[in-house]
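Enquirer: The structure under discussion is supplied below as structure tokens; questions concerning it will follow.
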Amino acid sequence: MAEKLDVKPGTLALMILKTLEVLGPLHGYGINRRIEETSKNRITLNYGTLYPALLKLEQEGFVTAEWRQSENNRRAKYYALTAAGRKQLAREAREWHQTADLIAAFLGARRETP
Amino acid sequence: MKHLRAALARITGFFTGHRQDDELREELQSHLDMETAEYIRRGMHPDDAHRRALLTSGGLTQAAEAVRDQRGLPWIEGIAADIRYALRALRHSPAFTTVAALTLALGIGANTAIFSVVRAVLLKPLPHKDGDRLVYLRHSADGPGGANVLFSVPEIRDFREGAKSLGGIAEYSPFFSILQDDDGAARLDVGLVTGNFFDVMGLSPLLGRLTRPSDDGPGVPPVMVLSHEFWMKRFGGDPAVVGKQVKLDAGTVTVIGVLEPAPFFPNRVDALLNMVISKHHLSALMVQGRTHRMTEMVARLAPGATVEQASTDVATVDARVQHEFKDAYDPGSHYRVAVIPFKEALGDRARLTLLLLMGAAAFVLIISAANVVNLTLMRGVRRQQELVVRAALGAGVARLRRLLLVENLVLTITGGLLGVILAIGGVSLLTSLAERYSPRANEIRLDVVVLGFTLSLSVALALLLSFAGSLPKEGSFASAIAAGARRISGSLSKHRLQRALVIAQIAVSVVLLAGAGLLTRTISRLSEVDTGLKTEEVLTIPVQLLSFGGGDFAKILAGDVAAKQGYDRIRGEIQALPGVTVVGVGSTLPLRGAEMGLDVKAEGRALAVGEATPRASLRTADPDYFRAAGIPLLKGRAFARTDQPGGGRVVILNQVLADRLFPGEDPIGRRVAWTGDVLRFSPFSGDWRTVVGVVGNTRDAGLDAPPPPAMFMPFAQELAMGGGVVIRADGDPEALAAGATRIVRRIAPTVPIGKVMTVAQYKAESVAPRRLNAELVSLFGILAVLIAAVGIAGVLAFSVSARSNEIGIRMSLGADSARVQRMILKEGGLLLAIGLVAGVGGAYFATRVMHGLLFGIAPHDPLTFIGVAVVMAAIGILACWIPALRAARIDPAIAMRAS
């Protein structure tokens, strides 16, 4: 099994939003699986991490939730991205790219001769 | 925006939580089902699949909890749960809860009540505008009656011109007048004030207007401002009183306004008038007489000036004036002026008593708190197992601490609420005490500030209690649980804390008891004081027939004749009442201070250099006065019917004065005279008078003061001043009160009659505030001792139950029950002994501050200290006995089996 990673603060919300953007409305289980798969099983989420994060996004108005029938005829709560959520995703993604570029630039720098 | 929205969602969530719980459970369950299905699809056995799914979930309950925290307001939900839990826990140990809450109620109640008085009387800002800029000037001199000699108008003028740090100086002359209206006659205590008085004092009218500089001087109409209290009492708060004409003995005056409620100093006043009402106050005698001191002085500090600067300025002016007018300041009397912040002056008489009561109440609180801490410690030990288990199950130490804090808050706030109920009763009692000491007693209130004080006291106690008990340490749960309940009987250090608390309780109780003992003995010493009177079963009727009204001399003299005839008729009619033996009339009733004192000299005797001029109270008496009042005649004769106006001027001295003027000589037949500059302003002559008798000393300046020197003149030869009637009877003089009062009322229907009572009653009333004070401190002392006794018994009982195993072993090894009992008694006795020693030591220092409240007894009176120690020891031993007996009854077999 691959090395396990901790979910860095703030990144989980981004992962959830991105997942919903890519896959459309989805239930908690689906989101969980998608995150695990995308991370190549380096991240596993327990319910106590996932569901409070979903609720927080809902409270902030970035996602909506409604009960629906799932593909194999189960009742499940589906989360969907809102317009505000889309904007938030774009903003956060941009910030992450910038941060990542910056860190990469720093870490990639070679020792300079004076 | 995002935060606001989230906050709103949370608040909604807080209220809709229960409905959402079901939904959440369903959601989590569906997740679990889907995951299980997935594992089965991959080929797992359904049971394994379910287990695996549960494992990865991290626990449904934990998840639900985490979501709930995110959903609502976990902080409030937590507190609400904590309060529910605290109430349940407290209900589970009703004995602990009751004892702790009641103990706290006593401590908090006593402090709340006394703080409300201290705040009103000493601390609260004055109602006057910028009241902290007001100062009172006190002019004093050595010798009897010298504590406050007031100022003369020229003296005030000196300060007004010379003391630049005083921005404004107001004059206030205490005066009294008789009010006549449809409700009858009433004595009115008034102040004659300068027009700038209210401006300087920073007071505003409630109705109408106050006096102003245009009300000063002669030729203006007399006007009157009512005090708020008098307006309510006499006029029922009727606003129509403004503009009304009121008839005083000095003339008719117009009420121009009602003053806002404000305290007065040094005496309470009913109304304030401009000076014009008293001819005397505008006369040359008053305005120019440097020694004619009848005026109080209140000043406002100039902007930027301090009390220290004002004191320096005033001292400089005073020194210059004393140098310039040597005749007016007898060097032996050491005249001096003190500048005192007005608020301090108002609280002066009450301060020591109140601080003593505050201290006593604080001690009671310390003892109560110590007791509750001890109870909490013991309960904590019993609960330790429960707390450890809770912590191990995931409650977390921080959460447990919060839980305990909430529990203690519930406890102390309950105690505080009960305390406030106690305080409501206490405050009315304390107000009656404070009235005797302070003009601000009517400001005493259980207001927001006082309740805030109570609340902070309760919260502080809760914090204290929460840190007294220790919680299991993180990471030590397992070992604590393994050790088992029986093993946890509290650490040694906690035992030490308990013991230290018991010792402190005993020590503090001893200090309180010592204070109570000293005050109680002061009261008994005071009632043992020889008043100098042969009997106190004498009825007195204070009634002043002569009106000094407007200070118009011709009028006074005319009135004097009528007044003397009135007294003759009263004397005659009362004499005729059945049972009456003697009736006397005099200017001053027995055991009361004379209104006036003057310098005296003896013929042929010069003062030594630096010797203060002798002063004596000026009193008049009719021939029967001494016999009626029970004042013993020591030498010579009493006054006779022949000592009439026009006859030879004669006087009777009391023993102190005779010894002072004629040390070692027979005063009979010698001559004395009133003297001094002030004589010019009095209606008394400075002629030589022959001493015809000497009477015994009486405690006219209070039971705790030495008898003041007094010189009596025949009632018939002088102005019929003040005073009243003194009645001696065969039987109970009180039975005559109604009949005698009726006679006085009929003969002098327009004259107010003072409180009719016996000398014994007057004496009891004069010590009443001290008695109440002593009773309060004693009450605190008794409370303290009881609480301390409960404390020591409780700690020992706990020790016995913790050691029951050990005691069982000892007994099975041959110790008999007497020995076990001794062992426990020894344990308690040691605590008691240390506490007693510490207490007596503490009392030795603490009682020193009470010096000013004691009479006839030293602050470390050995007899009181021994008595207190014995009482405390006896009660302490009794308290130890109960747990010791219990220890002796332990059945070794049961005790050991239980472990």
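Enquirer: Conditions: (1) modelled with pLDDT of 85 or more; (2) in contact with a Phe, Trp or Tyr (Cβ under 6 Å, 6 or more places away or on another chain); (3) more than 27 Å from residue B:676 (Cβ to Cβ). Residue B:349 meets all but one. Number of the miss?
Expert: (1) is the only condition that residue B:349 fails.
Enquirer: Name the single residue that is modelled with the lowest pLDDT among those in the range B:2-13 being loosely packed, with under 15 Cβ neighbours inside 10 Å and either in contact with a Leu (Cβ under 8 Å, 6 or more places away or on another chain) or within 9 Å of chain A (Cβ to nearest Cβ) (or both).
Expert: Ranking the candidates gives B:2 first.
Enquirer: Given the conditions (1) within 29 Å of the chain's Cα centre (by Cα); (2) surrounded by fewer than 21 Cβ atoms within 10 Å (Cβ to Cβ); (3) in contact (Cβ under 8 Å) with a residue 40 or more places away in the chain, which single one is not true for residue B:297?
Expert: For residue B:297, the exception is condition (2).
Enquirer: Report every pair of residues separated by at least 6 positions or lying on different chains whose Cβ atoms are under 7 Å apart, first residue within the range B:237-255 and of a type in the set (S, T, N, Q), second part of a loop (DSSP other than H, G, I, E, B).
Expert: B:254/B:221; B:254/B:243
Enquirer: A follow-up question, please. Out of A:78, A:51, A:47, report the one residue that is of a type in the set (Phe, Trp, Tyr), in contact (Cβ under 8 Å) with a residue 24 or more places away in the chain, under 24 Å from residue B:54 (Cβ atoms) and out of contact with any Cys (no Cβ under 9 Å at 6 or more places or on another chain).
Expert: Answer to the check: A:78.
Enquirer: Given (1) surrounded by 18 or more Cβ atoms within 10 Å (Cβ to Cβ); (2) in contact (Cβ under 8 Å) with a residue 60 or more places away in the chain, where does residue B:204 come up short, assuming only one miss?
Expert: Going through (1) surrounded by 18 or more Cβ atoms within 10 Å (Cβ to Cβ); (2) in contact (Cβ under 8 Å) with a residue 60 or more places away in the chain one by one, residue B:204 breaks only (1).
Enquirer: Have a look at B:852, B:856, B:835, B:867 and point out the one that is out of contact with any strand residue (DSSP E or B) (no Cβ under 6 Å at 6 or more places or on another chain) and within 17 Å of residue B:502 (Cβ to Cβ).
Expert: When all the criteria are applied, what remains is B:835.
Enquirer: Here's another thing I want to ask about it. Scan the range B:666-677 residue by residue and report those that are crowded, with 21+ Cβ neighbours inside 10 Å and under 25 Å from residue B:289 (Cα atoms).
Expert: Hits for the range B:666-677 are B:672, B:674.
Enquirer: Now a separate question. Restricting attention to the range B:718-748, which residues are touching a residue at least 40 places away in the same chain (Cβ under 8 Å) and within 30 Å of residue B:553 (Cβ to Cβ)?
Expert: Answer for the range B:718-748, where residues must be touching a residue at least 40 places away in the same chain (Cβ under 8 Å) and within 30 Å of residue B:553 (Cβ to Cβ): B:718, B:719, B:720, B:721, B:722, B:723, B:724, B:725, B:726, B:744, B:747, B:748.
Enquirer: Within the range B:603-646, restricting attention to residues that are part of a loop (DSSP other than H, G, I, E, B) and under 40 Å from the mean Cα position of the chain (by Cα), which residue is nearest to residue B:540 (Cα to Cα)?
Expert: By that ranking, first place goes to B:630.
Enquirer: In the range A:6-60, what residues are surrounded by fewer than 19 Cβ atoms within 10 Å (Cβ to Cβ) and small (Gly, Ala, Ser)?
Expert: If the condition is that a residue be surrounded by fewer than 19 Cβ atoms within 10 Å (Cβ to Cβ) and small (Gly, Ala, Ser), then A:10, A:24, A:39 are the ones that fit.
The rows are residues; the columns are (1) buried (at least 21 other Cβ atoms within 10 Å of the Cβ); (2) in a helix (DSSP H, G or I); (3) modelled with pLDDT under 90.
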residue	(1), (2), (3)
B:377	yes, yes, yes
B:390	no, yes, yes
B:393	no, yes, yes
B:402	no, yes, yes
B:413	no, yes, no
B:416	yes, yes, no
B:430	yes, yes, yes
B:439	yes, no, yes
B:456	no, yes, no
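Enquirer: Here's another thing I want to ask about it. Looking at the structure I just gave you, is residue B:782 of a type in the set (A, V, I, L, M), surrounded by 21 or more Cβ atoms within 10 Å (Cβ to Cβ) and at negative phi?
Expert: no
Table: residues versus (1) within 19 Å of residue B:31 (Cβ to Cβ); (2) assigned to a helix (DSSP H, G or I); (3) at pLDDT below 80; (4) within 14 Å of chain A (Cβ to nearest Cβ).
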site	(1), (2), (3), (4)
B:61	yes, yes, no, yes
B:79	no, yes, yes, no
B:84	no, yes, no, no
B:99	no, yes, no, no
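Enquirer: Based on this model, can you work out whether residue B:66 counts as facing chain A (nearest Cβ under 8 Å), among the aliphatic types (A, V, I, L, M) and over 16 Å from residue A:29 (Cβ atoms)?
Expert: yes
Enquirer: Now a separate question. Having 1 or more residues that are under 26 Å from residue B:4 (Cα atoms), away from chain B (no Cβ under 12 Å) and in contact with a strand residue (DSSP E or B) (Cβ under 8 Å, 6 or more places away or on another chain) is the bar; report the helices (runs of 4 or more DSSP H) wholly within the range A:1-76 that clear it.
Expert: Passing ranges, in order: A:11-23.
Enquirer: Let me ask something else. Which members of the range B:14-28 meet the condition of being more than 10 Å from every other protein chain (Cβ to nearest Cβ) and modelled with pLDDT of 75 or more?
Expert: Answer for the range B:14-28, where residues must be more than 10 Å from every other protein chain (Cβ to nearest Cβ) and modelled with pLDDT of 75 or more: B:21, B:22, B:25.
Enquirer: Restricting to the range B:176-186, give me the number of residues that are among the acidic types (Asp, Glu) and either in a strand (DSSP E or B) or more than 19 Å from residue B:251 (Cα to Cα) (or both).
Expert: The number of residues fulfilling the criteria is 1.
Enquirer: Assess whether residue B:234 counts as being farther than 26 Å from residue B:157 by Cβ, modelled with pLDDT under 95, within 29 Å of the chain's Cα centre (by Cα) and not small (Gly, Ala, Ser).
Expert: Considered against the rule, which asks whether it is farther than 26 Å from residue B:157 by Cβ, modelled with pLDDT under 95, within 29 Å of the chain's Cα centre (by Cα) and not small (Gly, Ala, Ser), residue B:234 comes out as yes.
Enquirer: Return yes when residue A:105 is more than 18 Å from residue B:67 (Cβ to Cβ), of a type in the set (Gly, Ala, Ser) and at pLDDT 90 or above and no when it is not.
Expert: Judged against the criteria, residue A:105 is not a match.
Enquirer: Return the residue satisfying two criteria in turn: it lies in the range B:45-90 and is within 56 Å of the chain's Cα centre (by Cα) and basic (Lys, Arg), and of such residues it is farthest from residue A:32 (Cα to Cα).
Expert: Out of the qualifying residues, it is B:88.
Enquirer: Confirm whether residue B:602 is hydrophobic (A, V, I, L, M, F, W, C) and buried (at least 19 other Cβ atoms within 10 Å of the Cβ).
Expert: Yes, satisfied.
Enquirer: Condition check: under 30 Å from residue B:705 (Cβ atoms), hydrophobic (A, V, I, L, M, F, W, C) and not in a helix (DSSP H, G or I). Does residue B:845 satisfy that?
Expert: The answer is no for residue B:845.
Enquirer: Just to check your reading of the model, which residue among B:696, B:686 is small (Gly, Ala, Ser) and within 39 Å of the chain's Cα centre (by Cα)?
Expert: Unique residue meeting the criteria: B:696.
Enquirer: For the range B:271-355, which fully contained helices (runs of 4 or more DSSP H) count at least 2 residues that are touching a strand residue (DSSP E or B) at 6+ places or on another chain (Cβ under 8 Å) and of a type in the set (Val, Ile, Thr)?
Expert: In the range B:271-355, the matching helices (runs of 4 or more DSSP H) lie at B:307-324.
Enquirer: Looking only at the range B:34-59, how many residues end up being out of contact with any strand residue (DSSP E or B) (no Cβ under 9 Å at 6 or more places or on another chain), crowded, with 17+ Cβ neighbours inside 10 Å, at the interface with chain A (Cβ under 8 Å from one of its Cβ atoms) and at pLDDT 85 or above?
Expert: 1
The values are calculated or read from the model by the stated rules, or taken from the named source; none is laboratory data. Because the structure is predicted, anything quoted here is derived from the model rather than measured. As a convention, Cβ positions derive from the backbone with ideal geometry for all residues, glycine included, and neighbour counts pool all protein chains shown.
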